[in-house]
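Here is the structure we will look at.
Just so you know, all these numbers are worked out from the coordinates, no wet-lab data involved. All of these numbers come straight from a predicted model, not from anything done at the bench. Cβ: placed from backbone, ideal geometry, glycine included. Neighbour counts: every protein chain shown.
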Amino acid sequence: MSEQPDVHEVDLIVVGTGPGGEALAGGAARAGLDVVAVEKHLVGGECPYYGCIPSKMMLRAADALAEAHRASELAGDVVVTPSWAPVARRISEEATAGWDDTAAVQRLEDAGGRLARGAGRLDGLRRVVVTADDGSTTTYVARRGVVLNPGTRPALPPVEGLADVPVWTNRDAVRATEVPGRLIVLGGGPIGVELAQVFARFGAQVTVVQHGDRILAGDEPEAAAILTDALVADGIRVLTGVEAEHASYADGQVTLRLDTGEEVRGDRLLVAAGRTPNLDDLGLETVGLDPSARVLDVDDRLRALDADGEEVDGLWVIGDVTGQGAFTHVSMYQSAIALADVLADGTGEEGRRARYDALPHTTFTDPEVAAAGLTEAGARDAGLRVRVGSTPLEQSSRGFTHGPGATGIVKVVEDADRGVLVGATVVGPAGGEIQGFLTLAVHAAVPVAELRGMIYAYPTFNRAIESALADLHE
Ligand SMILES: Cc1cc2nc3c(=O)[nH]c(=O)nc-3n(C[C@H](O)[C@H](O)[C@H](O)COP(=O)(O)OP(=O)(O)OC[C@H]3O[C@@H](n4cnc5c(N)ncnc54)[C@H](O)[C@@H]3O)c2cc1C
Ligand SMILES: NC(=O)c1ccc[n+]([C@@H]2O[C@H](COP(=O)([O-])OP(=O)(O)OC[C@H]3O[C@@H](n4cnc5c(N)ncnc54)[C@H](O)[C@@H]3O)[C@@H](O)[C@H]2O)c1
């Protein structure tokens, strides 16, 4: 390919730099490829600037308040006056550098890559047109191919009037400089419950409106029930099985009318009702893919597949838009596998293949809700002969000594025919850390007999796993 003035030839183009895209672009550049990363907003994507990191800083602060309150039951009087200022400061200064990605761009350039700031659009195979904010365009053509990592944006559910209400999304919530007096949270998924608990603990009067019959629909029902009780104990109204019919805004106040006839009023409405994939303006049709798709099909090396299951030449896709779980660890996991495949360059070298049977996640509420693999219902739906075992965390010795805040559960799901765990859930303090043990058990298919035969330190929370295993029954 001979280089034309407005067409730049490179080895690899990465469109969208979520956590996985950023890592892949840097890794490919360090390996010696000529890489251009295309980003229309901030290098690093949603997680560091508007997602995981700021929300976890908010939760850390909210947990500190809750622990201070618990201290009076355990250790004497603690007077704590909540202040949002340190939270806003940590997010602005420590997490996001004022929502500035200079450091990330520098990392990419230090690795030998370069950034094209603008919106990338496929223009046929291995070809991307980048439109900068000033409207100017640059075309890149890639010898190895293109990696798509465009991520998602908050979805606005089809509630009448909602489009005319100045709502908060996660992006506004993490930039908040003060706590709203009354907050309505539309959606009881991970974003909704995490942020509801944060603002409630900082004094907001919070109502969660969830149209499904429970919060955290993807988790075990027992986990959702424990978390619901915890949120209610934080003073949150948790409304489930209700539909928001109409939203309106007047005089600084949002009103949400529910199908029960009730009108919920708030100073802010946080919409946390799922995500819309950024696939609509990527030029997917120019490579034979459907631009209205909600997810892009990929094989286990993250190579894009068309509607007939055929590989699209020189195209990889990673991150939330692959539909394998909208988590940073999925984006990063896929990034490493796709990078190995890009670097192998069709040499036939066998790299790692993606598998998701032990995919973990943790919702960082208090208590944390952590799980890996299948839920009990998921295992039954998969046609497995299922045995389950569970134990309340507060009845473990550690839970008993811990006292307030120890409520939780360990639940394990066994494929009885294979004698291995196929799923596990831990709800409790540091639930995500305890759960890591069970993720390994599911991932490595450690026989249940082996798990039962090992020694669990006394009195740890993870020792409750032994009790859950002892409870396994059909
Ligand atoms: C409030 C919140 C809390 C979260 N907490 C956690 C958590 O604790 N743990 C966890 O694992 N996950 C969490 N997530 C999810 C996590 O943020 C995402 O799964 C993660 O960011 C991975 O997304 P991604 O790689 O698909 O891309 P994203 O992070 O969505 O980034 C995609 C990037 O592509 C850019 N882009 C899109 N289209 C184009 C284009 N055409 N041209 C150029 N650039 C483009 C976007 O500007 C963006 O920077 C949270 C999300 C939210 C919103
Ligand atoms: N700790 C974590 O790992 C973490 C934290 C936050 C987000 N995330 C990721 O980000 C993704 C997006 O999070 P999310 O919470 O926005 O999405 P979600 O899709 O997981 O949950 C949205 C919830 O909103 C409900 N909902 C949808 N429309 C509604 C309506 N009109 N009225 C009331 N409720 C409605 C849904 O039933 C669902 O329970 C998550 O799936 C997760 O993968 C992860």
Problem set entry | Order of V238, V78, V271 - criterion: other Cβ atoms within 10 Å of each residue's Cβ, fewest first | V78, V238, V271
For this session: Note the full-extension length gain between A470 and D313 as 0.36 nm times their separation in residues minus their Cα-Cα distance, in nm to one decimal.
Result: 51.4 nm
For this session: Could you list D320, D300 in order of exposure, starting from the residue whose Cβ has the fewest other Cβ atoms within 10 Å?
Result: D300, D320
Exercise. Which stretch or stretches of region 246-274 have amide N atoms under 14 Å from the point lying 7 Å from A163's Cα along the Cα→Cβ direction?
Worked result: 247
Seminar exercise, completed: So, with points 7 Å from each Cα along the Cβ direction, the R117-T81 label distance in nm works out to 4.1
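What FRET efficiency comes out for A132 versus A217 if R0 is 35 angstrom and r is the Cβ-Cβ distance? Round to the nearest 0.05.
0.30
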Exercise. Relative contact order (percent) for the chain, with alpha-carbon contacts under 8 angstrom and 6 or more residues of separation?
Worked result: 14
Exercise. By how many nm would the segment from T177 to D300 lengthen if fully extended, with 0.36 nm per residue of separation less the alpha-carbon distance?
Worked result: 40.0 nm
For this session: Can you tell me the FRET efficiency between V7 and A64 if r is taken as the Cβ-Cβ distance and R0 is 51 Å, rounded to the nearest 0.05?
Result: 0.40
Problem set entry | Estimated distance in nm for a label pair at E94 and S248, the labels positioned 7 Å out from Cα along Cα-to-Cβ | 4.4
Problem set entry | Per-pair calculated FRET efficiency, R0 = 30 Å: A457 and D417 via Cβ, rounded to 0.05 | 0.45
Exercise. With labels modelled as points extended 7 Å from the Cα through the Cβ direction, what inter-label distance (nm, one decimal) is found for D357 paired with E263?
Worked result: 5.5
Exercise. What order do you get for 6-15, 161-170 when each peptide is scored by the mean count of other beta carbon atoms within 10 Å, highest first?
Worked result: 6-15, 161-170
Exercise. Taking region 326-385, which chymotrypsin sites (Phe, Trp or Tyr not before Pro) meet the DSSP loop condition and have no more than 15 other C-beta atoms within 10 Å?
Worked result: Y356
For this session: Report the relative contact order of region 255-404, percent, no decimals, based on alpha-carbon pairs under 8 angstrom and at least 6 residues apart.
Result: 11
For this session: Would you please name the GluC sites (Glu not before Pro) within region 237-298 that are DSSP coil residues with at most 13 other C-beta atoms within 10 Å of their C-beta?
Result: E243, E262
Problem set entry | Rounded to 10°, Cα long-axis angle of helix 328-344 versus longest principal axis of the chain | 30
For this session: Let me have the relative contact order for region 113-219, percent, based on Cα pairs under 8 Å that are six or more residues apart.
Result: 15
For this session: Can you list which of the trypsin sites (Lys or Arg not before Pro) found in region 272-348 are DSSP loop residues with at most 13 other C-beta atoms within 10 Å?
Result: R294
Exercise. Stretch R143-E433 to full length: gain in nm at 0.36 nm per residue minus the Cα-Cα span?
Worked result: 100.2 nm
Exercise. Just from its helices, what would the mean residue ellipticity at 222 nm be for the chain, if runs of 4 or more DSSP H residues each count -39500 (n - 2.57) and the sum is divided by every residue, rounded to the nearest 500 deg cm²/dmol?
Worked result: -8500 deg cm²/dmol
